[in-house]
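J.: Dumping the structure here so I can ask a few things about it.
The values are calculated or read from the model by the stated rules, or taken from the named source; none is laboratory data. What you see is a predicted model, and the numbers here were worked out from it, not measured in a lab. Positions of Cβ are generated from backbone atoms using ideal geometry, with glycine treated the same way; all protein chains shown enter the neighbour counts. Surface areas here come from the heavy atoms of the whole protein model, side chains and all, with no ligands, DNA or RNA. Shrake-Rupley method; radii C 1.70, N 1.55, O 1.52, S 1.80 Å.
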Amino acid sequence: MRTLIYVFEPSTVTIHAKATGDAAALLCRYNHGAGQVAIGRHLLERGIYLIVSHSALEVRGSHMEVAVLSNDKDIPPDPKLTLLALEPGATASSYQAFLEIAKDISVGDPPA
């Protein structure tokens, strides 16, 4: 499962696993490497983030928007320009490439 988080202002975000198999879920940021352990509390800068997990997660925070892609084969819609503006230099094609690369990341892969 893929969960997108669009952070509009620096925010504290809490990510909680509902299933024990998601304790090793990964949080990745657009164009910033393989990621870090997702579960827990994070201070996230403005930007585009993606969580790789086995099942749905609880994501709480402010100044953000969350979108869930339940199936790795789901094709995400093209992002609005306001969402792309969260990351310097982001384009619709680079955003799609980020999501494609993220499909190859598995829960339990070591964080960067």
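J.: State, as an integer percentage, the relative contact order of the stretch 1-68 based on alpha-carbon contacts under 8 Å between residues 6 or more apart.
T.: Here the relative contact order equals 53 percent.
J.: For Leu69, tell me the accessible area in Å² from a 1.4 Å probe, rounded to the nearest 10.
T.: Accessible area of Leu69: about 30 Å².
J.: Heavy atoms of the protein only, probe of 1.4 Å, neighbouring chains included. What is the accessible area of His32 in Å², nearest 10?
T.: Using a 1.4 Å probe on the heavy atoms, I get roughly 110 Å².
J.: Would you mind calculating the gained length between Glu58 and His32 on full extension (0.36 nm times residue separation, minus the Cα-Cα distance), in nm to one decimal?
T.: 7.1 nm
J.: Hey, if we sort Phe8, Phe98 by accessible area with the 1.4 Å probe, largest down, what's the order?
T.: My answer, sorted largest first, is Phe8, Phe98.
J.: If I model a spin label as a point 7 Å beyond the Cα along the Cα-Cβ vector, how far apart are those points for Ala92 and Glu45 in nm?
T.: It is 2.7 nm.
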